[in-house]
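One structure below.
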Amino acid sequence: MQGQMTAPSIPGARPRLSLEASDGQARRRKIVNGIMTTLIGAAALLGVSILGIILGYIIVKGAPALNLDFFTKAPPALGEAGGGVAPAIRGSLLIVGLASLVGIPVGLGAGIYLAEFGRGRFADTVRFIADLMTGLPSIAIGAVAWALLVKRGIGTYNAIAGSVALAIIMIPIITRTTEEILKLVPNNLREASLALGTPRWKTIVSVVLPVARSGILTGVILSVARVSGETAPLLLTVLGNSFASNNLRGPMAALPLEIYQYATKSPFADSFTKAWGASLVLIIIIGLLSLSVRLAARLGGPQARR
Amino acid sequence: MSTSERRGRETATIETAQTGIADGRGMAPASASPAEMAQAAQEKAQVREVIEQKAGGGVSLVAEGVNAWYGSTHAIKDVSMTFRANEVTALIGPSGCGKSTFLRCLNRMHEVLAGARVEGKILIDGQDIYGKGVDSVRVRRHIGMVFQKPNPFPMMSIYDNVIAGLKLNGIRKRKSEMDETVEHSLRGAALWNEVKDKLKESGASLSGGQQQRLCIARTIAVEPEVVLMDEPCSALDPISTYKIEELIGELKQKYTIAIVTHNMQQASRVADWTSFMLAGDAGYGQLVEYGRTEQIFTQPQDKRTEDYITGRFG
Amino acid sequence: MAVQTARRAEKLPGGRVNLAGRGSALGDRAFQGIAFAFAASILVLIVTIFVVLFVDARVALAQEGLRFITGQVWNPNESIFGALPYIYGTIFTSLIGLLIATPIAVGASLYIVEYAPNWLRAPISFIVELLAVIPSVIYGFWGLAVLAPFLRDRVERPLKAALGDVPVLNALVEGPARGRDMFVAGVILSIMILPTIMSVAREVISTVPGTQREGMLALGATKWEMIKGAVLPYARGGIVGAAILGLGRAIGETMAVTMLIGNSSTKISWSLLTPGYTMASAIANQFADANSAVHFSAIIGVAVVLLFVTGAVNLVARLIVSRFGGDTRATGI
């Protein structure tokens, strides 16, 4: 056996091949490889564990603050224990709801336009601007709403200005995801419907949109989740309010603002507990919204890219 | 089928193998100007010069009972064969017969795919490359590989592509020695004349055939004992294919070569030994027949080999 | 429903086929008109944003001229508005964030693409990308409650002790370690931009052809040498784009930075311990006090500068990433 395998042409001339990483240089390469593999693994572990650490703190510290009062009562006088964040939850729902009322239809309409009719310079410009707008800092958009509707317009901090700012943040996100999803709908579906003599608009409404339903829903919900946590634009417009208020033309409480106030403006120990509690509530709301996206994804149809 | 019947078909078989299955590849350039012919002759002389410096440098490679899996899929079963030193062995067979998988087992490239697994022995110079304490990185340094699609590193210059393997192995040479190695390897791959004036350009700037020869230069620069080639011409035009086939004929004096090919004409042109693999109904590929190339193509011992080379399936 | 519509238009009383189809054409035109109006509203929005910002910033920009971005003094009481310290703070904290986040993001991407078993890939990506879902204000609060004290005691003080007497390097740790400074803000930014960089880097790295990896391995490379020699060079352009995209996010980030950066010094200093401002934190801190017309205008001016910087950075990032085969939309949320 052995003889058959040695090199035939120059017997004995060749040193035996070394297949082991035995010399110093090979060992060094192995060690470098080991170190870099460890570092790469550590980076992944770090990325994953940061989320665990942050969520862990919020859950462990926030859970004790949660009780029925926390969801149903208004905050007490500063420094006093008890009470809840009911006005803030309601304020957030109102402000985000109002923003959705404006932002969703506009975003959907623009997305449909880009996907179904969007050829040429105009559409390219809209696409480019929408892309650019998704990258704009939310505080700059807040500053615009502040200048337009707080400093001018209504003349005081108000919920409407906050909703407008959030709607401006939502619109480009919904526009781009809607367009992407609609482009995934196979063209032969459109052609089949048009070939039956169905008008274009009816084809879009009754054939294209239903197919893309779950994907579009995903995009919409993700944008709502995103603006639910927005704080900077609300700070400049809605400002916050310790009292329950339904007046859209005045300052209003909102969950993110409540966290900010408790975390920075109040010196009492109980404030931190309340901030943890409010953080947990906000995370749960955003988590539920994101979870419903996963469920929507199960409904099938083309999906938004994560 | 009786032996006499098979013999009777011999002539027809050869004809089919040469023309019937021909797909246009591997043809020599039909017309060449005198200048081109002179250049080709010069190139050949260069290759030969390089080769002669290490004639008989290959060692034989012996596979014993090799099995390979992708996850739970048994891809090849109990393949045993020898790749003789300084000879070319071709692996032929229809798509999915496991010939490429087997080739990748020979320098432990199979296992880099997720879930891939190998069992059995592959001996080089008497040592099992799957043995205890063996470093797969070391194995690949001794058993080089050229891939189906030319894969030069696009972010490196032609020069850096050639010395990429040397750099890895920490072989530090003076600039002049490096230059020498680059020229030597490029001459060995019959590419020097075409690229000597643009060594600093990206490896991706070359044509497909040149890229493949650059990959060959890169492979031989580290002076391996065995060179594995996985359908090295399948992405190339006929002229480039011709050049590489010629090159293989020269390289075998220095290296042991195993080549997977779809093209039976190519196997008959370049290989000293040919093995035919086939995936049966069970799904895994097995070695059907192994022998001298002339014997496989003229007197196949197995009915399935004969069916394949006469173009009856695959 | 669709079929009915078609039938109705089939024949006219005279037996001629109706090709005019007025009813459906009208519906189409109306539908397209409405969709067009919505699309156009995006352009109206961006124009409005720019007009409002420029009109309102005019007073301060007219007063200060170029000094608005080169002046180092910002004093509303004496009506002097030089935003350079804010611009500096933005760049300084963003670069700290980028410097920390990029290696971690690239490392995590490499782990996901090159090392992780199949079943682990999606979960790791998903978990890291969830970091993008946490609101900025929660990062800020967590930073205040947990990260700032930790960094102050475990990083800043030891660092100050180690570098305090070293020439040149001691400039990095000038001033007391309070845990409300550029460094802490930079660290929180690094966490916040990690998912942005990672998702693009991962996508770019996974577009590196397998043949490149195999080519390197077949030359006798170790796995790390394969990554260093074949994967990273190939993905380099896209990774740079990913980092710049992360930079764009960091520059515009407001709440977490505002809560952690200190907001008390407009000194331009190399010190990691400077309790400075960023453009965004300056806006968030001062808008409530903007009682004079010039101060208000100056704050809007800062927003204009911020808008231009982020716009430019994002544009560059998108160009780079799209040229190197990644997908910026992957970072949407």
When (1) within 14 Å of chain A (Cβ to nearest Cβ); (2) at pLDDT 95 or above are applied to C:ARG152, the one that fails is (1)
Looking only at region C:199-246, count every residue that is closer than 30 Å to C:ILE91 by Cα and acidic (Asp, Glu) and tell me the total. 1
For region C:191-200, which residues satisfy the criterion of being at pLDDT below 95 and away from chain A (no Cβ under 11 Å)? C:VAL200
In region A:105-114, how many are free of Cβ contacts under 8 Å to residues at least 40 places away in the same chain and within 7 Å of chain C (Cβ to nearest Cβ)? 2
Region A:53-70, residues that are modelled with pLDDT under 95 and either within 21 Å of C:ALA101 (Cα to Cα) or not in a helix (DSSP H, G or I) (or both): A:LEU66, A:ASN67
Regarding region B:187-204, can at least one residue be identified that is in contact (Cβ under 8 Å) with a residue 40 or more places away in the chain, closer than 19 Å to B:ILE309 by Cβ and touching a Ser or Thr at 6+ places or on another chain (Cβ under 8 Å)? no
Given (1) at pLDDT 90 or above; (2) farther than 24 Å from B:GLN42 by Cβ; (3) touching a His at 6+ places or on another chain (Cβ under 9 Å), number of the condition B:SER234 does not satisfy: (1)
What are the residues in region C:271-308 that are more than 17 Å from the chain's Cα centre (by Cα), surrounded by fewer than 24 Cβ atoms within 10 Å (Cβ to Cβ) and over 23 Å from C:GLU156 (Cβ atoms), if any? C:GLN286, C:ALA288, C:ASP289, C:ALA290, C:ASN291, C:SER292, C:ALA293, C:VAL294, C:HIS295, C:PHE296, C:SER297
For the structure I just gave you, tell me whether C:LEU245 is part of a helix (DSSP H, G or I), at pLDDT 95 or above, at negative phi and surrounded by 24 or more Cβ atoms within 10 Å (Cβ to Cβ). no
Verdict on B:GLY57 being part of a loop (DSSP other than H, G, I, E, B), at pLDDT below 90 and out of contact with any Gly (no Cβ under 9 Å at 6 or more places or on another chain): yes
For region A:155-192, name all the residues that are surrounded by fewer than 24 Cβ atoms within 10 Å (Cβ to Cβ) and of a type in the set (S, T, N, Q). A:THR156, A:ASN158, A:ASN187, A:ASN188
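Would it be correct to say that B:ILE143 is more than 9 Å from every other protein chain (Cβ to nearest Cβ), within 21 Å of A:ALA21 (Cα to Cα), crowded, with 22+ Cβ neighbours inside 10 Å and touching a residue at least 60 places away in the same chain (Cβ under 8 Å)?
On the way: more than 9 Å from every other protein chain (Cβ to nearest Cβ): no; within 21 Å of A:ALA21 (Cα to Cα): yes; crowded, with 22+ Cβ neighbours inside 10 Å: yes; touching a residue at least 60 places away in the same chain (Cβ under 8 Å): yes.
No: the conditions fail for B:ILE143.
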Might you let me know whether region A:115-134 holds any residue that is polar (S, T, N, Q) and either closer than 15 Å to C:SER41 by Cβ or without any contact (Cβ under 8 Å) to a residue 12 or more places away in the chain (or both)? yes
Could you check A:ALA269 against (1) of a type in the set (Gly, Ala, Ser); (2) surrounded by fewer than 24 Cβ atoms within 10 Å (Cβ to Cβ); (3) within 20 Å of the chain's Cα centre (by Cα) and say which number it fails? (3)
Exactly one condition in (1) surrounded by fewer than 24 Cβ atoms within 10 Å (Cβ to Cβ); (2) part of a helix (DSSP H, G or I) is false for A:ALA110; which is it? (1)
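Per-residue answers, yes or no, for (1) surrounded by fewer than 17 Cβ atoms within 10 Å (Cβ to Cβ); (2) among the aliphatic types (A, V, I, L, M); (3) over 25 Å from C:VAL257 (Cβ atoms); (4) at pLDDT 95 or above:
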| position | (1), (2), (3), (4) |
| --- | --- |
| C:PRO85 | no, no, no, yes |
| C:VAL106 | no, yes, no, yes |
| C:LEU110 | no, yes, yes, yes |
| C:PRO123 | yes, no, yes, no |
If I filter region B:203-259 down to residues being acidic (Asp, Glu) and not in a helix (DSSP H, G or I), which single residue comes out as nearest to the other protein chains (Cβ to nearest Cβ)? B:GLU225
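Filtering region C:201-240 down to residues that are assigned to a loop (DSSP other than H, G, I, E, B) and more than 10 Å from chain B (Cβ to nearest Cβ), which residue is surrounded by the fewest Cβ atoms within 10 Å (Cβ to Cβ)? Write out each step before concluding.
Applying the first criterion (assigned to a loop (DSSP other than H, G, I, E, B)) to region C:201-240 yields C:207-209, C:219-222.
Subset that is more than 10 Å from chain B (Cβ to nearest Cβ): C:207-208.
Working: C:THR207: 15, C:VAL208: 20.
Going through the qualifying residues, I end up with C:THR207.
Conditions tested, residue by residue: (1) within 14 Å of chain A (Cβ to nearest Cβ); (2) crowded, with 24+ Cβ neighbours inside 10 Å.
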| site | (1), (2) |
| --- | --- |
| B:GLU36 | no, no |
| B:ALA41 | no, no |
| B:ALA63 | yes, no |
| B:THR101 | no, yes |
| B:ARG117 | no, no |
| B:GLY120 | no, no |
| B:ASP128 | yes, no |
| B:GLY131 | yes, no |
| B:VAL134 | yes, no |
Among the residues of region C:289-303, how many are in a helix (DSSP H, G or I) and either more than 8 Å from chain A (Cβ to nearest Cβ) or more than 23 Å from A:LEU234 (Cβ to Cβ) (or both)? 8
Quick check, is C:GLY23 within 10 Å of chain A (Cβ to nearest Cβ) and either surrounded by fewer than 18 Cβ atoms within 10 Å (Cβ to Cβ) or at pLDDT below 95 (or both)? yes
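Take the conditions acidic (Asp, Glu), more than 8 Å from chain C (Cβ to nearest Cβ) and in contact (Cβ under 8 Å) with a residue 12 or more places away in the chain and apply them to A:GLU80. Does it pass?
yes
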Any residue in region C:66-83 that's under 19 Å from C:ASN285 (Cα atoms): show its pairings with residues that are of a type in the set (S, T, N, Q) and crowded, with 16+ Cβ neighbours inside 10 Å at Cβ separation under 7 Å, as long as the two are six or more apart or on different chains. C:TRP74/C:THR266
In region B:274-302, what count of residues is obtained for those that are under 15 Å from B:PRO94 (Cα atoms) and either modelled with pLDDT of 90 or more or in a strand (DSSP E or B) (or both)? 12
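The values are calculated or read from the model by the stated rules, or taken from the named source; none is laboratory data. These numbers come from a predicted model, not from an experiment. Counting neighbours? That spans all protein chains shown, and the Cβs are built from the backbone with ideal geometry, glycine included.
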